[in-house]
Structure formats: C-alpha cells, structure tokens
Amino acid sequence: MASTTPIPAAGDDPAPKPKRRTFSAEYKLRIVAEYDAAPAGEKGAILRRERLYHSHVIEWRQAREAGALDALVDRRTSAVRPKKAAEQAELERLRKKVARLEKDLARRDAALEVMGKADAVLELLSESAD
C-alpha cells in the first residue's frame, strides 16, 4: 500500500532554522547568585538544568562585578545591535565584486601586454633570421 505522506520538494527545508537563546539581565544575575550559593557538588546540576556552560557564569559574574549590567545584554542578538539595511549589504557586496573584477582586469591587461611584447620580439627575430 502506498504511503500518503507528502514528499517535500528538493528546495523545501523540513526543519525550521534554530533560534539562538537570549537571556535577560535579571536571569543572568539570578543564575550567577544561585550558582555561587550552591555547594560544590550541585553547581554542575544547575548548569545542566539550565543548559548553560561554566563560561556563561564566568562571563556574567565578571560583568556583574564590573558593575556593568549593560554588559549582560547579548550584543549579538540584542535589538541594540544595528542591522545593515538590505540595500547597504547589497551595495557592499557589489563594491567587493567590482574591486575583485578590476584587479582581475588589471592582471589580464598586464599579461596581454607581455604577450604582445613577446610576439613583437619573436617577429623581429624571425625577420632578422631571414
């Protein structure tokens, strides 16, 4: 008997793109306090429960001790981080492409010039040999 489940097209991605987790400053402060208050044998359990790494706690503790609560905001995913407009990104991509093509063109022109000179020398040599 044939299956009735549809087969996804080649371009369809069945799995949604995963999203990076974000943590509020309050959450970070709470976890650091809980981690610091926990006995040595229970610190790993907190990290496993929250699905965190020890490096998270170290980074968050350093920011707390520096008094920089703003540093607890993840700049990679924060709304504070300015995003390039699509036009700006396209313009930057095209500028890089033009620079690369101009470099390739200059290299080809130099090669053609060398080939032209070599051809002229060969013609002179063949004329003088006659």
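A short reminder: the numbers here are calculations on the coordinates, not readings from a lab. Note that the coordinates shown come from a computational prediction; the quantities given were computed from them, not determined experimentally.
Each residue of segment 95-100 is assigned a 3J(HN,Hα), and the resulting list reads 4, 5, 5, 4, 4, 5 Hz, derived from the Karplus form 6.51 cos²θ - 1.76 cosθ + 1.60 (θ = phi - 60°), x at Gly and Pro. The phi torsions of segment 24-37, fed into the Karplus equation with coefficients 6.51, -1.76 and 1.60 and a -60° offset, translate into couplings of 6, 4, 5, 4, 4, 5, 5, 5, 4, 5, 5, 5, 5, 7 Hz, rounded to whole numbers, with Gly and Pro shown as x.
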